[in-house]
Structures are given as structure tokens and as C-alpha cells.
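To keep things clear, I will list the structure first and then write my remarks on it.
The values are calculated or read from the model by the stated rules, or taken from the named source; none is laboratory data. Note that the structure is a prediction, hence the values are computed from the model and not measured. All Cβ positions, even for glycine, are placed from backbone atoms using ideal geometry, and neighbour counts span all protein chains on display.
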Amino acid sequence: MNKWLKYGLCSLLLFGSFFAFGQDAEADQEQLIQRRIETIAEQLGEGDENIDYNTLLDELLIFSENPINLNTATFAELEALPMLDDIAANNLLRHIEQNGKLLNIYELQAIDGFTIALIRQLEPFIRVSDDPDAVSFSFKEMLKEGQHELVLRYQQVLNEQEGYSFIEDSVLAENPNRRYLGSPQKYWARYRFRYSNKVSWGLTMEKDAGEEFFKGSMKQGFDFYSGHIFVSNMGVVKSAALGDFQAQFGQGLVFWSGLAFGKSSDGVSIKRSAQGLRPYTSVDENRFLRGGGATLKFKNFEVTAFGSYKLLDGNVSSTTDTLTEQEESVSSIFSSGFHRTPGELQDRQSLTEAVYGGNVSYKGRKLSVGITAVGYQFSKPIQRSDDLYNIHEFSGKQNSNYGLDYSYIFRNFHFFGEFALSQNLGFATTHGLFMTVDPRLTLTVMVRHLQPKYQALYANAVTENSRMNNETGYYLGFSANPFKSWYVRGFFDIFKFPWLRYQVNGPSFGYEAIGQLIYKPSKTFEVYFRFRQKNKQLNESSAYSEEPIRGIENERRTYYRLNLQYSLTKEIKLRSRVEYSRYRRGDRDVEQGYMMYQDVIYSPKSFPLSFSARLAYFDTESYNARIYVYENDVLYAYSFPAYYYRGVKTYLTLRYRIYKGIDAWFRIGNIFYSNRDHVGSGLEQTPKNNRTDIKVQLRFKF
């Protein structure tokens, strides 16, 4: 069966593209969002399935429903579009000043920096209109034109898992963390009201699988509640937040709550475009602020102040001093948000965190300069383990950071960067240059240096090291359009770590390279080949070294990908991919694997039912050779699992428009392993070689 499956998939991959030419379709917003998700997922810990990407893509979702009017847009609004660079945005505003308002979107082709490919990407999120946008706020108009949205979701693994199976009371009494306390269902609900980009309020709730619900430890129902009230563009008030929110400044060296895009196959989009204060609508229980803040705008000057106070999960331990009483400290802060066992509940909300800060900025169209200052205060001291790699990490109850960021456009050159300082006088800096060398060639260079002793708890700059310290790096990205319909993109990044890291007992270095060749002759057909390689260093494995002090060896991952996307008709799209992976550590044998899939996407305009389906086959020699793959999901849910060992993955996602403003989704997925007798590990393990999960979602818009 596997033989015929492989032959069938290969046939689709090799010959499907011949049906693509000559078709026509609208720009595919889903494709853009998928690529943004793949970009961030590969950057953040190689595809962490627990990450919630909603807030990261919130701006795109808002713009898709309320497209920006290019004739009235400000530089800040254009800067919020992640696919549009600042030079092109500046050229657009200058063109309108000199030549008057645009007549249609395709007039953008006459402006430097706007290619056909870029215009197609922008098309779902922009519009051109002579009608002036509303400049004043009316409560009556808000109630009339505002939109309410209620989304309810249920999901569950249908197979019995170890954490929910029967266990003797005596065994459970000896080890209470051997089973989950709650049910296997996961519930997610969100209500949100939004009036254009001026007003937003809402409430988000989540109960993870394994957590109790309206009983026991969770008598309040959902484990996590998040609410916000947010207003923007109200006269002198550029933005104001109450409840849960995010704050982003500079290039992320000082303060950037939430997720952010970094290195990607796009190559040149490496600059961060900080949005200041933003509402929080996700269910990540750590990457947000809880309190309030406001930004006031006086012509080109903006002043921001914010404060936050929330509870965190931490591993609390007690120490006793001969001269003092027993004192509690926290060795680590947990970010999973799971509270399914007595052990996880013991660490729940065991630490309080207060964050306060502000930013003063001058924001011109060509020159922007900002100063940021933040402070943190914890109820218990942070005290990490005594391992040498932790010697420079933050410890104690209080910390502060200060930074200066800048952005300057000179003709086709865009300079940007940030200087940062922590309370212990640790220093960090990053500087970049985005340049349009030719209409067909764009380059980005960036250098960064973060001292080992730099300490910033909410930093999120473009780095390789997740801890935002102990790194020096040099980045070169490129994007070229040498011939019509042909694009070459990628980057090369070299980094070194002067101090020890986790599992690296000495200074180390590495590199990452991505190259992507794209052929896109029309809206309806695209094929690309991508090469990606990353080399980092780790301690020699104890299984292969008998020395008391182990040396450092290279760990190299290499990926080759061929991807096809094409339209058979206006309603039917096909997507095919083959990917091959190689993993090698030290001088040991290469571990390799491959994956291939075929997607069918049916999206009719005049019929209420649409669907997306996948058939995938994968075969890797080990978990090390795993391949991460984006999967279509229900609205506001994102899947990026790893495929490893040998098996077949299938899923079907259905959407049915029940009535105007009422939509329903159903998703069922199954993974089958031909060389394993179980799926997963620990309490998530199923005793059979396959696993099936379902999701059901309803959305009401009124």
C-alpha cells in the first residue's frame, strides 16, 4: 500500500503543474498568512505546536476586513503592513504629494519599490478611494457600524491517552502526577467588538485538555481569561489600552511583548516595525501585559506610558539561612500555561510580576528616534541553577532596561538600529541597512552584539539565541528579480556565542543559510525550490565520548524543498510539496528523511460549503530528521506539527456558511505510523499506532 501511495503522490507532484497555466483567480490571502506562519514557526523553536499566532496576525486580519485607503493612509498605517518596506511606503506618500491621489491599485506599478508580485500580496489589504475617511469619532456611528464576533471551539483527541486511562487508587496516591485531573476536551471561546481600527473590546477564554472545568481546581470554569478595551486614533490619543495588551518599541532589544517575525526565506524583511500599544486577543498565558497604557501624539512626537501587574507560573523552592527565616525563590518561570496535574497546579500563579515603563519618540516620514525605559519587579527573587552557563543570567527581584532606537531613510537606503543597556550595565546593540540597489535587487545587512551579561526579560530582537544575550551576529539578506516571473531570495547569517550556553560548555559559533528560487508566471501558478541549512555547536554526546570533559561538536540540519501551488479552476486549488531532510551530529552517520503531500482546496463563491484536504506520506530515520509542515486549520487556529518516523497523515477541514454571519468549521485529522506501536509520549501517549483528533467551531458575526 505504501508503494502505491508514494507513486500516486509523486505523480501528482510531477505532473500537476501542467494543468495550471491559463487560469485566473483572485489574490490568495490564505497563502500569505500561511507563509507568515511558516516563517515564525520555523524561527520559534522549530515549530512549537503550543504557540498561539493570533495576535501576530491580528493586523492582517483587521486589514483584510477594513482595507487601508492608500490615498489617506499615514506612514504609520503603511508601516504596519508586514510585506511593505519603509522605502516603498515613503515613495508612495511622495508620489501622492507630487501627482495627486491614486486612481486605482495598479497605478502602484509606476512607484519605485512596487512590483507586480508585491501588489498582488497587498491587494487583499488595501484599497483606493476618493472618499475621505471619517476623521471624527461618533458613539452612535460606532454602535451602528461596529461589528460583534463570537467564536466557540471544541477539540479533542479521540483515542484514549495515558493521562486519562484507568489507574489504581493506590498507585495514583503514591504518584498523583501520573494522571490528568480534568477531561480530554479543549474549549476555546472569544467575543470581540471592533469598530474599524478605532475601538476594540473583547474577552478570550481557554480550557486546555486535561484541565478541570467548573470543578475542583477550576471552579471558575476556564483556566485562562483575557479581556481588553482598546481605542486608537482619537484626536491626541493615538492609542489607549485597559486590561490585557501588548507593547512593542524599537527593534526589540529593550521591550517587545508577544511574538515577532525574524529571519525568513523572504531574505530582506528583517527590520522590526514596532506598533507601540496593541490589544491582546490571544491565549498565550505569558507573552502579554495586564494593566493599562496610553500613547499621546503631538504632531510628530509621541509619548507612551504603561503599567502591568499579573501572576506567573514558577518553580518555587525554599531556602533556610542560619540568620534569617525561610525564604522562597523561583528557579524558572513556566510558559506552557498547562495546569493539568497536581504538580502543575502547585506552580500556578506562584509569582507576581509588575512591569512599568514608557517611550518618547519623534516619528517623521524619513527620520524616527525613540527612547524607551522599562522596569520589572517580582514578588519572589529569581534564582537560577548554579550551572556556569547561567552565571550572567538575571537573578533577584528587580531589573530595568533603557534604549535608544532610530530609523532613517535616505533615497533608497534605510538605516535602522537600537542601543540598549540593562541595570547591571550589560550592553546590546543592533544595526541594519535596507537598500534598493536596483529595481530588481534589494539587499539587507545587519550586525548585532549582545554582551553575555545583558539582561532584558521582555526583549525579542532578531537573534539566534532565545535568551537575548551572549551573541554576536552578521546577517546578509537578498531579494532579486533577474527575469520576468523569476525571483531569488534568501539570507546568510553567521553567529557566535562568546560565553557558555545550555548543553554547550564553551564558546561556540554557527551559521544559517536559506536560498529560494521562485517561478511565478501568473496569479494561479507558483513553484519554488528552497534550500535551508543550519549549523550550531553542542557538547559531544556522552554516549560517544568517555572523556570527563567533553568537547564541542557540530550539529547540522539541511532541508531541500520543492513546492507547487496551482489552480485547476477558480474554485479548485492544488498544493504539492516534497521535502528532504539531513541531520548530522559530529562525525556520526547522517540521519535522513523525506516527506511529500498533496493538498486539495475547494473554495466556491456561490456555494456555502468549502474544504481543504491533505494526504501526506513521511519517512525519517529518527526524530532528529523531523520535518515541520504547516496544516490548514479552522479560523484563528494554526497547526505546524513535526512529521517523523514512517507514516501517513491525513486531514479534512470543512467550512459551511450556515447563514449570513454564521459559519461552522469541522476538522478531522489522523496520523498513522507503520513502524511504531504508539503515538506520543508520557501522559499524551496513545497505546495504538494511530491518533485521530477533531475540532468543531462556530462563528457568529453581527
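Got a sec? Which of 625, 642, 664 is crowded, with 20+ Cβ neighbours inside 10 Å, on the phi < 0 side of the Ramachandran plot and of a type in the set (A, V, I, L, M)?
Within the list 625, 642, 664, the selection yields 625.
Restricting to strands (runs of 3 or more DSSP E) lying wholly in segment 220-297: which have 1 or more residues that are out of contact with any strand residue (DSSP E or B) (no Cβ under 7 Å at 6 or more places or on another chain)?
Those strands (runs of 3 or more DSSP E) span 224-234.
Please find, within segment 529-547, the residue that is modelled with the highest pLDDT out of those that are over 24 Å from residue 498 (Cβ atoms) and loosely packed, with under 12 Cβ neighbours inside 10 Å.
542
Considering only strands (runs of 3 or more DSSP E) fully contained in segment 558-646, which possess at least 1 residues that are within 27 Å of the chain's Cα centre (by Cα) and basic (Lys, Arg)?
Numbers: elements: 572-585, 591-602, 609-620.
Correct list: 572-585, 609-620.
Looking only at segment 104-123, filter to residues that are β-branched (Val, Ile, Thr) and part of a loop (DSSP other than H, G, I, E, B); which one of those is modelled with the lowest pLDDT?
So the residue we want is 115.
Just checking, does segment 375-391 include any residue being within 25 Å of the chain's Cα centre (by Cα), over 25 Å from residue 500 (Cα atoms) and not β-branched (Val, Ile, Thr)? I'd like the intermediate steps shown before the answer.
Applying the first criterion (within 25 Å of the chain's Cα centre (by Cα)) to segment 375-391 yields 376.
Still in the list and also over 25 Å from residue 500 (Cα atoms): 376.
The next check asks that each one be not β-branched (Val, Ile, Thr); those that pass are 376.
Yes: segment 375-391 contains one or more residues that are within 25 Å of the chain's Cα centre (by Cα), over 25 Å from residue 500 (Cα atoms) and not β-branched (Val, Ile, Thr).
For residue 158, indicate whether it is surrounded by fewer than 17 Cβ atoms within 10 Å (Cβ to Cβ), of a type in the set (A, V, I, L, M, F, W, C) and either within 31 Å of the chain's Cα centre (by Cα) or under 23 Å from residue 61 (Cβ atoms) (or both).
Yes.
Quick check on my filter: what residues within segment 153-174 are assigned to a helix (DSSP H, G or I) and either touching a Gly at 6+ places or on another chain (Cβ under 7 Å) or touching a residue at least 60 places away in the same chain (Cβ under 8 Å) (or both)?
Those that are assigned to a helix (DSSP H, G or I) and either touching a Gly at 6+ places or on another chain (Cβ under 7 Å) or touching a residue at least 60 places away in the same chain (Cβ under 8 Å) (or both): 162, 163.
Take the conditions touching a Lys or Arg at 6+ places or on another chain (Cβ under 7 Å), among the charged types (D, E, K, R) and crowded, with 16+ Cβ neighbours inside 10 Å and apply them to residue 353. Does it pass?
Yes, satisfied.
Tell me, please, whether a residue that is buried (at least 19 other Cβ atoms within 10 Å of the Cβ), in a strand (DSSP E or B) and either out of contact with any Pro (no Cβ under 6 Å at 6 or more places or on another chain) or not assigned by TED's automatic domain parsing to the domain that holds residue 249 (or both) can be found in segment 449-460.
Yes, that holds for at least one residue.
Just need a number here: residues in segment 294-304 that are in contact with a Gly (Cβ under 7 Å, 6 or more places away or on another chain) and either surrounded by 15 or more Cβ atoms within 10 Å (Cβ to Cβ) or outside the structural domain of residue 198 (by TED's automatic domain parsing) (or both).
Total meeting the criteria: 2.
If you check 145, 123, 174, 141, which single one turns out to be among the charged types (D, E, K, R) and under 30 Å from residue 688 (Cα atoms)?
174
Can you name the residue in segment 51-103 that is out of contact with any Asp or Glu (no Cβ under 6 Å at 6 or more places or on another chain), surrounded by fewer than 18 Cβ atoms within 10 Å (Cβ to Cβ) and of a type in the set (Ser, Thr, Tyr) and, of all such residues, is modelled with the lowest pLDDT?
Restricting to residues being out of contact with any Asp or Glu (no Cβ under 6 Å at 6 or more places or on another chain), surrounded by fewer than 18 Cβ atoms within 10 Å (Cβ to Cβ) and of a type in the set (Ser, Thr, Tyr), the top hit is 64.
In segment 212-236, what count of residues is obtained for those that are surrounded by fewer than 17 Cβ atoms within 10 Å (Cβ to Cβ) and among the charged types (D, E, K, R)?
Residues flagged as surrounded by fewer than 17 Cβ atoms within 10 Å (Cβ to Cβ) and among the charged types (D, E, K, R) within segment 212-236 amount to 2.
In segment 470-493, what count of residues is obtained for those that are at pLDDT 95 or above and either outside any strand (DSSP E or B) or basic (Lys, Arg) (or both)?
1
Can you tell me which residue in segment 564-581 is farthest from residue 614 (Cα to Cα), limited to those that are out of contact with any Leu (no Cβ under 9 Å at 6 or more places or on another chain) and crowded, with 18+ Cβ neighbours inside 10 Å?
Result: 581.
Any chance segment 401-416 includes a residue that's β-branched (Val, Ile, Thr) and under 17 Å from residue 461 (Cβ atoms)?
No; the residues of segment 401-416 include none that is β-branched (Val, Ile, Thr) and under 17 Å from residue 461 (Cβ atoms).
Quick one: which residue in 575, 557 is in contact with an Asp or Glu (Cβ under 8 Å, 6 or more places away or on another chain) and not acidic (Asp, Glu)?
575
Only one residue in 429, 442 is more than 15 Å from residue 250 (Cα to Cα) and in contact (Cβ under 8 Å) with a residue 60 or more places away in the chain. Which one?
After applying the criteria, what remains is 442.
Answer yes or no as to whether residue 340 is in a loop (DSSP other than H, G, I, E, B), buried (at least 19 other Cβ atoms within 10 Å of the Cβ) and not acidic (Asp, Glu). Before the answer, list the steps.
Values: in a loop (DSSP other than H, G, I, E, B): yes; buried (at least 19 other Cβ atoms within 10 Å of the Cβ): yes; not acidic (Asp, Glu): yes.
Criteria met by residue 340.
Can you name the residue in segment 675-702 that is surrounded by fewer than 15 Cβ atoms within 10 Å (Cβ to Cβ) and touching a Gly at 6+ places or on another chain (Cβ under 6 Å) and, of all such residues, is nearest to residue 637 (Cα to Cα)?
Selected residue: 701.
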